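Bear in mind these aren't lab numbers, they're just calculated from the coordinates by the rules spelled out. Quick caveat: nothing in here was measured; it's all calculated off a predicted structure. Positions of Cβ are backbone-derived with ideal geometry, glycine not excepted, and every protein chain shown enters the neighbour counts.
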Amino acid sequence: MARNPQKVPYGYEPPKQERRGTLIYYDEFEHTTKEELETALRYGEEHSFTKLVLYPLHEETVRRMTKESISAFYKREDRLHEWKQEHGQSKVAVEGWEGKRKKYTPIEAALRHLTEKYPSPHFLYLTPETANLFASFSSFEEWIVKLRLVLSTEPERLHPKLEKFQHRWSLNTK
């Protein structure tokens, strides 16, 4: 392996990064309003995240998770791209990985992909319904120690595992 020596003046310290980490908005984005997207963006800016990643779910994933049908993936993805262009945000990424797979993607595979691709620390921005659903999966305890959850609103009811790991999640207080 070749080494490329760099010369720096004595006492040089690299500048500290003011922004760090990734806020991942994991949702179906079927009923998500522009105001809710802006709230997530504001949260990311207030907490100095490097990126806000919008991760829309494929129809098959939503169907297996919630048993309801939603509009096509590309329509929801296009709506997110339009919102991103309206706001001219370079700090927002719309992740289309699940659309390329064109099939059911377990949350474990999605989180593995996202944590490998984007810088840490990782924060998962969820609606209370999705958070309760995520907590019901067997892999929840494995993932909750690797990332933190941010709930978009106050949940009406909490899954027992969310109560157990209450120190690993917080609310987006607007």
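Rounded to the nearest 500, what is the chain's calculated 222 nm mean residue ellipticity when only DSSP H runs of at least 4 contribute -39500 (n - 2.57) each, over all residues? Kindly include the intermediate steps, with their values, before the conclusion.
Working: 8 runs with 70 residues, N = 174.
Value at 222 nm, helices only, nearest 500: -11000 deg cm²/dmol.
A cut-off under 11 angstrom between Cβ atoms defines the neighbours of Ser138, and their net charge, with Lys, Arg +1 and Asp, Glu -1, is -2.
Cross-linked pairs Lys75/Lys161; Lys67/Lys164; Lys34/Lys102: Cα-Cα separations exceed 31 Å for Lys75/Lys161. Summarising the label geometry, the points placed 7 Å from Cα in the beta-carbon direction at Thr66 and Leu171 lie 2.1 nm from one another. Around Glu156, under 15 Å between beta carbons, what's the net of Lys plus Arg minus Asp minus Glu among the other residues? That sum, taken over residues with Cβ under 15 Å, equals -2.
The HN-Hα couplings worked out from phi for the range 117-123 by the Karplus form 6.51 cos²θ - 1.76 cosθ + 1.60 (θ = phi - 60°) are 7, 10, x, 8, x, 10, 10 Hz, whole numbers, x standing for Gly and Pro.
When semi-axes √(5λ) of the Cα gyration tensor in Å is calculated directly from the model, which label among (i) 30, 20, 18; (ii) 53, 26, 17; (iii) 44, 21, 14 fits? Among (i) 30, 20, 18; (ii) 53, 26, 17; (iii) 44, 21, 14, the one calculated here is (i). For the pair Asp78 and His113, a Förster radius of 30 Å applied to the C-beta separation gives a FRET efficiency near 0.90, rounded to the nearest 0.05.
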